[in-house]
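> Let me begin by handing over the structure; questions about it come next.
The values are calculated or read from the model by the stated rules, or taken from the named source; none is laboratory data. Predicted, not measured: the structure shown is a model, and the values here were computed from it. Cβ atoms come from the backbone with ideal geometry, glycine included; neighbour counts cover every protein chain shown.
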Amino acid sequence: MDFDAMFNAQLDALKEEGNYRIFAELERECGAFPQARSHDADAPDKVTVWCSNDYLGMGQNEVVRQAMKDAIDRCGTGAGGTRNISGTARHHVALEHELADLHGKEAALLFTSGYVSNWAALSTLGARLPDAVILSDALNHASMIEGMRHARCQKVIWKHNDPEDLDRKLAALPANAPKIVAFESVYSMDGDICPMEEIVEVAEKHGAMTYLDEVHAVGLYGPRGGGVSEERGLAHRIDLIEGTLGKAYGCVGGYITGSAALCDFIRSFASGFIFTTALPPAVAAAAQASIRHLKTSDAERRQQRRQVAQLRAKLDARGIPHLDNPSHIIPVMIKDPVKCRQLADILMRDYGIYVQPINYPTVPKGTERLRFTPGPLHTDADIDHLVEALTVLWKQCAIAHAVA
Ligand SMILES: Cc1ncc(COP(=O)(O)O)c(C=O)c1O
């Protein structure tokens with residue numbers, strides 16, 4: 001059998017429809033973020049990163065870096081095992097306490113990524129609770145969808161951000177079935193934020209458990225970075241809050257927080273927790289330093305909001321359409337995979353602006369976009385340069401007036 005021919009046939013189809021992914025090879029420059037060195041032949045040596053999920057630049061924060069270096073010097077690199085078999089370090093336990101405190105919960109549980117935390121927690125809840133039904137927002141992240149798929153329990157999809165639809169769907173289920181309402185706070189591709197209070201109220205009315213993904217909100221929203229649930233004073237009404245250490249906290253890893261019984265249950269039954277090597281202790285130490293810093297420092301969040309507002313206003317002034325949303329994510333809709341790729345290529349090659357085209361399957365076909373994430377370390381000059389470049393391209397491209 002010619003397996004390579006089979007692989008290539010499918011890759012060729014991807015290329016033909018414009019959805020083949022090409023990675024930009026970058027070297028982030030510590031101390032100069034969001035500047036990075038590019039190692040691509042057709043890009044300038046130095047580029048400005050406009051699509052990072054290191055939303056606040058914490059990946060280069062002095063305190064965070066020092067915590068990681070100190071922990072490596074004290075404990076070495078890897079954890080050396082699963083949490084169960086020799087892999088639990090003091091740093092993991094301390095980080096779990098930090099996270100439980102962040103969300104005002106009894107306990108927390110670490111995973112190797114946000115993806116794994118969603119996959120492991122939802123699959124375990126759905127599989128282990130007898131007759132469980134998971135009610136999932138239509139636009140939930142792939143990690144939640146995979147978790148539900150693996151759970152093999154009943155799933156019900158409710159209309160995106162529509163508490164009334166959720167209410168109807170909950171009402172149609174048997175009263176005694178354990179129901180889990182799974183949703184996100186900030187949806188990362190459109191940048192919209194859920195009507196959290198209404199969703200919580202509906203879930204409470206039906207006695208359902210609430211499962212909230214705050215991956216694109218932790219560190220960024222709320223007075224201590226506890227996410228939208230903290231900002232809106234709702235954290236105590238949500239049963240499980242899931243988050244990442246890989247985005248605003250600038251490290252890697254994922255977690256859930258909730259009651260002690262809930263975290264112990266997932267710890268005891270989730271294969272995605274049990275059968276994998278724990279995060280390196282140094283990562284846990286760095287993440288804890290990052291969370292601690294953002295619990296008390298609002299400077300990064302304030303400056304980020306300023307730069308987000310500035311970019312939006314300047315795009316508006318030039319008539320460059322972007323999705324209106326209340327978050328830090330600015331999607332400029334292109335609605336064509338080939339044009340999206342071309343625009344990103346020109347921005348990189350001619351302007352040293354790195355923004356990854358967001359195409360299918362990350363977003364539905366026909367909704368391709370450039371997704372900008374201004375941060376506190378983008379300067380006003382960076383913003384002006386980006387807006388100038390987009391203005392020139394907007395005038396040149398045929399898409400200019402075809403996008404909505
Ligand atoms: C909503 C959402 N949940 C979970 C994840 C996974 O988080 P991580 O990158 O830590 O695996 C992502 C990743 O982008 C996400 O967008």
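> I need the full set of residues from region 139-188 which are aliphatic (A, V, I, L, M) and in contact with a Phe, Trp or Tyr (Cβ under 7 Å, 6 or more places away or on another chain), in order please.
Let us first name the residues in region 139-188 that are aliphatic (A, V, I, L, M), namely 139, 142, 144-145, 148, 151, 156-157, 166, 170-173, 175, 177, 180-182, 186.
Leu139, Leu166, Ile180, Val181, Ala182, listed by residue number.
> Related question: Taking the stated definitions as given, is Ala36 modelled with pLDDT under 95, in contact with a Phe, Trp or Tyr (Cβ under 9 Å, 6 or more places away or on another chain) and under 30 Å from Ala381 (Cα atoms)? Walk me through how you get there before you give the answer.
Values: modelled with pLDDT under 95: no; in contact with a Phe, Trp or Tyr (Cβ under 9 Å, 6 or more places away or on another chain): yes; under 30 Å from Ala381 (Cα atoms): yes.
In short, no.
> Out of curiosity, is Ile266 out of contact with any Gly (no Cβ under 7 Å at 6 or more places or on another chain) and either within 15 Å of the ligand (Cβ to nearest atom) or closer than 16 Å to Gly114 by Cβ (or both)?
So Ile266 passes the test.
> I need the full set of residues from region 93-117 which are among the β-branched types (Val, Ile, Thr) and either within 14 Å of Leu245 (Cβ to Cβ) or within 11 Å of the ligand (Cβ to nearest atom) (or both), in order please.
Going through region 93-117, the residues among the β-branched types (Val, Ile, Thr) turn out to be 93, 112, 116.
Thr112, Val116, listed by residue number.
> A further question on this structure: Within region 118-139, identify whether any single residue is over 14 Å from Glu242 (Cβ atoms) and within 11 Å of the ligand (Cβ to nearest atom), and answer yes or no.
Initial filter on region 118-139 (over 14 Å from Glu242 (Cβ atoms)): 126-133, 135, 138-139.
From what is left, the residues that are within 11 Å of the ligand (Cβ to nearest atom) are 139.
So far as region 118-139 goes, yes, one or more of its residues are over 14 Å from Glu242 (Cβ atoms) and within 11 Å of the ligand (Cβ to nearest atom).
> Let me ask something else. For Gly147, only one of the following conditions fails: (1) surrounded by fewer than 24 Cβ atoms within 10 Å (Cβ to Cβ); (2) within 16 Å of the ligand (Cβ to nearest atom). What is its number?
With respect to (1) surrounded by fewer than 24 Cβ atoms within 10 Å (Cβ to Cβ); (2) within 16 Å of the ligand (Cβ to nearest atom), Gly147 is out only on (1).
> A follow-up question, please. Mind checking which pairs have a first residue in region 187-201 that is in the same structural domain as Gly222 (by the TED database) and a second that is surrounded by fewer than 22 Cβ atoms within 10 Å (Cβ to Cβ) and basic (Lys, Arg), Cβ under 7 Å, 6 or more apart or different chains?
What qualifies is Met196/Arg232; Glu197/Arg232; Val200/Arg237.
> Only one of these is in contact with a Ser or Thr (Cβ under 7 Å, 6 or more places away or on another chain) and at negative phi: Arg318, Arg349. Name it. Walk me through how you get there before you give the answer.
Numbers: Arg349 fails: in contact with a Ser or Thr (Cβ under 7 Å, 6 or more places away or on another chain).
Just a single option satisfies the conditions, and that option is Arg318.
> Can I ask one more? Just name the residue that is nearest to Ala100 (Cα to Cα) out of those in region 199-210 that are away from the ligand (no atom under 16 Å from the Cβ) and of a type in the set (Val, Ile, Thr).
So the first thing to find is which residues in region 199-210 are away from the ligand (no atom under 16 Å from the Cβ), and the list is 200-209.
From what is left, the residues that are of a type in the set (Val, Ile, Thr) are 200, 202.
Working: Val200: 20, Val202: 25 Å.
This residue is Val200.
> Can you list residue pairs whose Cβ atoms sit under 8 Å apart, with the first residue in region 369-381 being in contact (Cβ under 8 Å) with a residue 12 or more places away in the chain and the second being basic (Lys, Arg) and in a loop (DSSP other than H, G, I, E, B)? Count only pairs 6 or more apart in sequence or on different chains.
Pairs that qualify, where the first residue is in contact (Cβ under 8 Å) with a residue 12 or more places away in the chain and the partner is basic (Lys, Arg) and in a loop (DSSP other than H, G, I, E, B), are Arg369/Lys335.
For (1) exposed (fewer than 14 other Cβ atoms within 10 Å of the Cβ); (2) in the same structural domain as Arg305 (by the TED database), each residue gets a yes or a no:
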{"site": "Glu27", "(1), (2)": "yes, yes"}
{"site": "Cys30", "(1), (2)": "yes, yes"}
{"site": "Pro34", "(1), (2)": "no, yes"}
{"site": "His39", "(1), (2)": "yes, yes"}
{"site": "Gln66", "(1), (2)": "yes, no"}
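> What is the residue count in region 269-286 for residues that are within 18 Å of Ala107 (Cβ to Cβ) and either within 15 Å of the ligand (Cβ to nearest atom) or modelled with pLDDT under 95 (or both)? Write out each step before concluding.
Looking only at region 269-286, we keep the residues that are within 18 Å of Ala107 (Cβ to Cβ), and these are 269-270, 272-274, 278-279, 284.
Those still in the list that are either within 15 Å of the ligand (Cβ to nearest atom) or modelled with pLDDT under 95 (or both) too: 272-273, 279, 284.
Looking only at that region, the number is 4.
> For region 211-237, how many residues meet the condition of being in contact with a Phe, Trp or Tyr (Cβ under 8 Å, 6 or more places away or on another chain), more than 13 Å from the ligand (Cβ to nearest atom) and over 15 Å from Leu294 (Cβ atoms)?
0
> Here's a follow-up. Which of the residues spanning region 238-263 are away from the ligand (no atom under 16 Å from the Cβ), in contact with a Leu (Cβ under 6 Å, 6 or more places away or on another chain) and not hydrophobic (A, V, I, L, M, F, W, C)?
Gly258
> Under 20 Å from the mean Cα position of the chain (by Cα) and without any contact (Cβ under 8 Å) to a residue 40 or more places away in the chain, is that true of Asp316?
Details: under 20 Å from the mean Cα position of the chain (by Cα): no; without any contact (Cβ under 8 Å) to a residue 40 or more places away in the chain: yes.
So Asp316 fails the test.
> Which of the numbered conditions does Lys46 fail, given that it passes all the others? Conditions: (1) closer than 27 Å to Ala217 by Cβ; (2) touching a residue at least 40 places away in the same chain (Cβ under 8 Å); (3) basic (Lys, Arg); (4) not assigned by the TED database to the domain that holds Leu173.
(1)
> Shifting gears a bit: Consider Ala142 carefully, then state whether it is in contact with a strand residue (DSSP E or B) (Cβ under 8 Å, 6 or more places away or on another chain) and either outside the structural domain of Thr362 (by the TED database) or surrounded by 19 or more Cβ atoms within 10 Å (Cβ to Cβ) (or both).
Numbers: in contact with a strand residue (DSSP E or B) (Cβ under 8 Å, 6 or more places away or on another chain): no; either outside the structural domain of Thr362 (by the TED database) or surrounded by 19 or more Cβ atoms within 10 Å (Cβ to Cβ) (or both): yes.
No: the conditions fail for Ala142.
> Does Asp190 satisfy the condition of being within 16 Å of the ligand (Cβ to nearest atom) and either farther than 30 Å from Thr296 by Cβ or part of a strand (DSSP E or B) (or both)? Please lay out each step first, then the result.
Details: within 16 Å of the ligand (Cβ to nearest atom): yes; either farther than 30 Å from Thr296 by Cβ or part of a strand (DSSP E or B) (or both): yes.
Against the criterion (within 16 Å of the ligand (Cβ to nearest atom) and either farther than 30 Å from Thr296 by Cβ or part of a strand (DSSP E or B) (or both)), Asp190 qualifies.
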